[in-house]
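What follows is a short report on a single structure.
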Amino acid sequence: MFASIELDYSEADQDSTGQAAAEAQKHLTFYELDLGLNHVSRKWSDQVDNGANMLVTVPGGGDGPSGVLVCAENFVIYKNQGHPDVRAVIPRRGDLPAERGVLIVSAAMHKQKSMFFFLLQTEYGDVFKVTLDHDNDRVKELKIKYFDTIPVTSALCVLKSGFLFAASEFGNHALYQFQAIGDEPDVESSSATLMETDEGFQPIYFQPRRFKNLVRIDQVESLMPIMDMKVVNLFEEEAPQVFSLCGRGPRSSLRILRPGLGISEMAVSQLPGVPSAVWTVKKNINDEFDAYIVVSFANATLVLSIGETVEEVSDSGFLDTTPSLAVSLIGDDSLMQVHPSGIRHIREDGRINEWRTPGKRTIVKVGSNRLQVVIALSGGELIYFEVDMTGQLMEVEKHEMSGDVACLDIAPVPEGRQRSRFLAVGSYDNCIRILSLDPDDCMQVLSLQSVSSPPESLLFLEVQASIGGEDGADHPASLFLNAGLQNGVLFRTVVDMVTGQLSDARSRFLGLRAPKLFSVVVRGRHAMLCLSSRPWLGYIHQGHFLLTPLSYESLEYAASFSSDQCAEGVVAVAGDALRVFTIERLGETFNETAIPLRYTPRKFVLQPKRKLLVIIESDQGAFTAEEREAYKKECFDDAGMGENGKVEQMENGGDDEDKEDPLSDEQFGYPKAESGKWVSCIRVLDPRTANTTCLLELQDNEAAFSICMVNFHDKEYGTLLAVGTAKGLQFLPKRSLAAGYIHIYRFLEDGKSLELLHKTQVDGVPLALCQFQGRLLAGIGPMLRLYDLGKRRLLRKCENKLFPNTITSIHTYRDRIYVGDIQESFHYCKYRRDENQLYIFADDSVPRWLTASYHVDFDTMAGADKFGNIYFVRLPQDVSDEIEEDPTGGKIKWEQGKLNGAPNKMEEIVQFHVGDVVTCMQKASLIPGGGECLLYGTVMGSLGALLAFTSRDDVDFFSHLEMHMRQEHPPLCGRDHMAYRSAYFPVKDVIDGDLCEQFPTLPMDLQRKIADELDRTPGEILKKLEEVRNKII
Amino acid sequence: MQASDRFNINSQLEHLQAKYVGTGHADMHRFEWAVNIQRDSYASHVGHYPMLAYFAIAENESIGRECYNFMQKMLLPCGPPPEREDD
């Protein structure tokens, strides 16, 4: 059985008097699906309120009266077959303009054994609890009670465990816990108290209050919508930061994204020297937490005991007058300290065994697991020890290597075994050898791998077998050998568990320093920390091995850390400080720092030298800050005086400090004003300190839409800021405005504040501004104008009125001007100084509703349209040359124009349907030394990248992989992949990386089948995919 | 050959017209055409969530309100039909 709201418009289309349209009536219709006949039959239909927009199912059978709640503008109506309507008014906020209705936008139903209720959210964010008083199938009363206010959602979900998940329509999603379910008998609105007057039903008012029933537990970050974005290394870190303007209205923010995982620092403490290494040890294998942190200095060792506090101890048995090379737990309950002249074995009862190196030789490197220890002496001798049955450390074997050992590591002891079979030894002849530790072939070389540079650090990483893991697939146990090479490359191979053969080698450049590798624990699994010029974490997330940078400063040495307060942390040394931190939000690509803004951000510009941002923000239908302040005051005064009984009651019910601390706009939203009212501000922000150094609120209904930095010929003021504004802009019924202005601001106090020089009135909205040859280019409606700076106003120098609709973007390069039209794609223009003329010499043949544009090279522009396509257009080389060589600059030809267009046409070279409105793009490289890719941000808050292929082989490989993926892995909803990517224009020369990246999720046999057809192994395909991904991030 | 082709195209057209509202025909009026385009546009806006979000940002309304407005506008998207001149 299902219900729908229907409206028949066929008569309205025929009746020219408009009477039929006025009488058109929405109907609620019930349909039933007869599975036996495979046929849908219409059961019942009834007239319903014309504002109906949503239906919510009411539980039936033994649980409730069945039927539906019809949510309409201002009303909630209960309807069922053969049942009279039960109608109640949705309460309105007291501050809502009378012209506005109240609409329900999302709903959730919660059902328990004895009762059920609905949570309905209005477009202003208020959540109402709706309950039905019913006697079997008869509904006696419909009650609406104000529940709480949360940011407007697109969907609500009540979890059985007492949580509410709210998927916000813009901004971060949140999880709330129920503190109460609003059981008090007082309700704002009920069907029983519905009042009908001559003008319709009597509205009911309420005042929003703070949380009473909900409490926020957690949130999921969402960038939606990304309004503007720039990638720049403003903080001079190793990788650039992505500055994005996100959110809307009171929830807007500037978010600084850094590729990598975020960390939270637990403690930083200064040490009495510069430490070289740090370890943590447990006292017993069964202990949950670490007992000691051991720090090694150039000539001493410091032991810290972990308890309530971390403090230095001297009774641990460790030798503190020498540096340490390794500290670990050996056997079940004894500790081992390796120092340059020997091995100190500290038994559980305090006995100490000391093994000394023969002669003058010193220990240089150590590798150990719980039962095996291998040391390398200077000169290249390896000595192998094992822990015997009594817990003694016994020397087993010696082996002379050909030269000094650079690094070594022993694989962890496999479950249920006595020893691990593999020892990896790296030497300065650019080789890594795998040696056997089995008694029968002890110290024999099992395999040899040569690498590009001497290895600095080695680490075996064991991946336990998982059956039906997070990704639902089975993974056999496997062993990886990781090597940090001196040239900064991390080299990773798979070790055969039986033979020790190495295969499937992959390498990745991590940073300028040789990576040092450490084993840590992440979510109960082994993971790897690589310390190069920045730290990286290699871990397994949802069945994939990910290697992600950490957003933290560079570290010297690290160890995993586990204590009462911090179950899975890392202790590290850097400089003369000891740092303890945990790694957060695994699996995320970026970590973000958010700086709140006041209104919906529109655009921003950078002052790269001063490291400041200038942001313009504007909102339609909102009040200015002063008006809001005044209103709030008035509102609270009213409440105090008790003019309105209901309000007073609620105030008393809430906390008294409500009056001092008004409701946060972020949660409740700004009060709505008439749609013709605009508020706007210009902000100078220092992103490093998150301080706003200057905030100019525009007055008189003016709103800022474009911004640019400009250096005029006349250098009197240096760099100036131009801001394009519109006064009294209205979109409906037709776009109209009182006036447009271009403001020119001067920077004061080293760029930290602004001073208005003058403003120039123009006859349209200046949606695009750009500097051009010491002048200012402005796109005002269909006009492109060139302005020069005057004393009192801008001086108009030249203009071209021949653009089709509205100019939305201007880019310049040398003497070319690339103009984007809102509806007609790009136009390439030139300016002739001698004749003072702007003319269009080339345009696009396809109408494109531009939302974003980026200048790629002299002949090429990248653009994105409103329908979710990204495309590149290029002026053909011969045309471009001809124009550059032509002494008239193609002007004679221009005068001949074709079919109202320019004489030359651009060619589309790339076309792809992203499926989301792209609002900004930029060419940038997110990894140091990596190639550039085109990054884009969308309305839905996603960041994407397009990477140019550099070889024909790659193109072939990926187009075939994509083709096979299309066939073998059709999307869930059965749409044709190619048709989707070509939804508006046929896809051209773009391969869907997201689809290709789903290859590892295919079943093994399917992977093999595709790999066979590509003449490769599945491993090679995975490697290729990883390689491409690593080029981007 | 020719005749059967023509028959084919006609029947295909009829099939299309029955299946898809707004498939054009030779006697289509300018108004009818515009109404169909408008309705299709509104339907497309409502169907593409990013597009709704885009409009919502522009008008500073909630996405739910935009969706409702587009639905409401589907009745008489181009105003009342013009007087029919009798043919």
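Each reported figure results from applying straightforward, stated rules to the coordinates on display, with no laboratory input. Since the model is a prediction, treat every value here as computed from it, not as a measurement. Heads up, the Cβs are rebuilt from the backbone with ideal geometry, glycines too, and the neighbour counts pull from every protein chain shown.
Based on alpha carbons, the Rg and Dmax found for segment A:501-576 are 13.2, 42 Å. For A:Asp956 and A:Thr689, a Förster radius of 41 Å and the Cβ-Cβ distance give a FRET efficiency of 0.20, rounded to the nearest 0.05. By the count of neighbouring beta-carbon atoms within 10 Å, fewest first, A:Trp849, A:Trp678 end up ordered A:Trp849, A:Trp678.
Note on segment A:759-869: Rg/Rh from Cα positions, Kirkwood definition for Rh, rounded to two decimals, is 0.96. Largest first, the three principal axis extents of the alpha carbons in segment A:114-250 are 68, 41, 25 Å in whole numbers.
If eta is 1.002 mPa s and T is 20 °C, what Stokes-Einstein diffusion coefficient results for the protein assembly as shown, Kirkwood Rh from Cα pairs, in µm²/s? Answer, rounded: 62 µm²/s.
Relative to the longest principal axis of the Cα atoms of chain A, helix A:1004-1013 runs at roughly 90 degrees.
Annotation for segment A:677-769: trypsin sites (Lys or Arg not before Pro) lying in DSSP loop with at most 12 further Cβ atoms inside 10 Å of their Cβ are A:Arg688, A:Lys715, A:Lys734. For A:Asp750, A:Asp844, the sequence from fewest to most other C-beta atoms within 10 Å is A:Asp750, A:Asp844. For A:Val40, neighbours were defined as the other residues whose beta-carbon sits under 12 Å from its Cβ, and their charges (Lys and Arg +1, Asp and Glu -1) total 0. Computed across segment A:896-1033, the Kirkwood hydrodynamic radius from all distinct Cα-Cα pairs reaches 17.0 Å.
Here, P(r) means the percent of Cα pairs in each 10 Å bin from 0 to the largest distance; for segment B:30-77 it is 30, 50, 18, 2.
Greater than 21 Å separation of Cα atoms is the criterion. Which listed pairs, A:Lys609/A:Lys752; A:Lys633/A:Lys727; A:Lys797/A:Lys830; A:Lys230/A:Lys611, meet it? Going by Cα-Cα distance, A:Lys633/A:Lys727 fall outside the 21 Å limit. Restricting attention to segment A:48-220, the count of lysine pairs at 8 or more positions apart or across chains with alpha carbons under 22 Å apart stands at 25. Averaged over residues, the count of other Cβ atoms within 10 Å places the peptides A:74-87, A:209-222, A:970-983 in the sequence A:74-87, A:209-222, A:970-983, highest first. Measure out, as a whole number of angstrom, how far apart the alpha-carbon centroids of segment A:155-213 and segment A:977-1009 sit. Each part's Cα centre sits 44 Å from the other's.
For peptide A:4-14, the mean count of partner chain Cβ atoms within 10 Å of a residue's Cβ comes to 3. Taking Cα atoms only, the orientation of helix A:625-641 departs from the longest principal axis of chain A by about 80 degrees. Straight-line reach from A:Lys791: taking Cα to Cα under 14 Å and skipping same-chain neighbours fewer than 8 places apart, the aspartates and glutamates in range are A:Asp714, A:Glu716. In a reduced charge model with +1 at each Lys and Arg Cβ and -1 at each Asp and Glu Cβ, the protein assembly as shown shows a dipole moment near 2340 debye about its Cα centre. Cross-link reach is defined here as a Cα-Cα straight distance under 16 Å, omitting same-chain residues fewer than 8 places apart; for A:Lys43 the aspartates and glutamates meeting it are A:Glu6, A:Glu32, A:Asp34. Applying the criteria of a DSSP loop state and at most 13 other Cβ atoms within 10 Å to the GluC sites (Glu not before Pro) of segment A:24-111 yields A:Glu99.
Based on Cα contacts under 8 Å between residues 6+ apart, segment A:922-1029 shows a relative contact order of 17 percent. Were the residues from A:Asp349 through A:Leu96 laid out at 0.36 nm apart, the gain over their Cα-Cα distance would be 83.4 nm. With N as its number of residues, segment A:399-528 has a Cα radius of gyration that, divided by 2.2 N^0.38 Å, comes to 1.07. Taking label points 7 Å from Cα along the Cα-to-Cβ direction, A:Cys442 and A:Asp878 give a separation of 7.9 nm.
Partner aspartates and glutamates whose Cα lies under 14 Å from the Cα of A:Lys283, excluding those fewer than 8 positions away in the same chain, are identified as A:Asp315, A:Asp332, A:Asp333, A:Glu348, A:Asp349.
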